[in-house]
Every structure is written in C-alpha cells, then in structure tokens.
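One structure is given below, encoded as structure tokens.
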Amino acid sequence: MNFLSKLLQGIAFIPAVVNGIEGLFGSRSGAEKKDAALSFVQAALSMSDALTNRQIVDEAKFKEGLGAIIDGTVQCLNASIWAKAGQP
C-alpha cells in the first residue's frame, strides 16, 4: 500500500485512538496519554517498514508531526460536545 494512503488512513482513526486512550488511561498525565496514542498510531502505520524502505527519512520530525496531530485532535475534542458530555 502506498505510504501516503496508509498515513491518511492512520490519521482518520486518531480521534478513536485518543478517545480509547482517554478511557484506558484517564487518570494518567497528558504526556503519558500522548505517548500511548503515539505508540498505537506508529504501530498502525507500520513505521518500522516505512523507515526501512526510506519512506520516512527523518523519524524525529515524523513523530513530532504525529504528536501535533494528536494534540490538535485532543484540542478539538476538548472543545466539543465530546468533552462536555461528562460535565453536569
């Protein structure tokens, strides 16, 4: 599968990953939850294959980009009805 299409598919399920991580690790720090979400997304994208095939040439920047996507997703979810559902 083309790496770009795999990346876009990975990005499409980030809200579900973030929601699941919140359910599993709700009492942990934001940094711990972000690390868990990054691990799930990296595994789903098969980053090791992409690194080996040189489709990702700068792993640190790639992970930073994934982190920014996760941060943005959390920000959007926290500003939405998703976050407000648990409040009285």
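A short reminder: the numbers here are calculations on the coordinates, not readings from a lab. Note that the coordinates shown come from a computational prediction; the quantities given were computed from them, not determined experimentally. Note that each Cβ is placed from the backbone with ideal geometry, even for glycine, and that neighbours are counted across all protein chains shown.
Dividing the helix sum by the residues of the chain, where each DSSP H run of 4 or more adds -39500 (n - 2.57), gives a mean residue ellipticity at 222 nm of -23000 deg cm²/dmol.
The distance between label points at PHE13 and LEU77 comes to 1.5 nm (points 7 Å beyond Cα on the Cα→Cβ vector). Expressed per residue, the C-alpha convex hull volume of the chain stands at 90 Å³. Close lysine pairs were tallied over the chain: pairs 8 or more places apart or on different chains with Cα atoms under 21 Å apart number 9.
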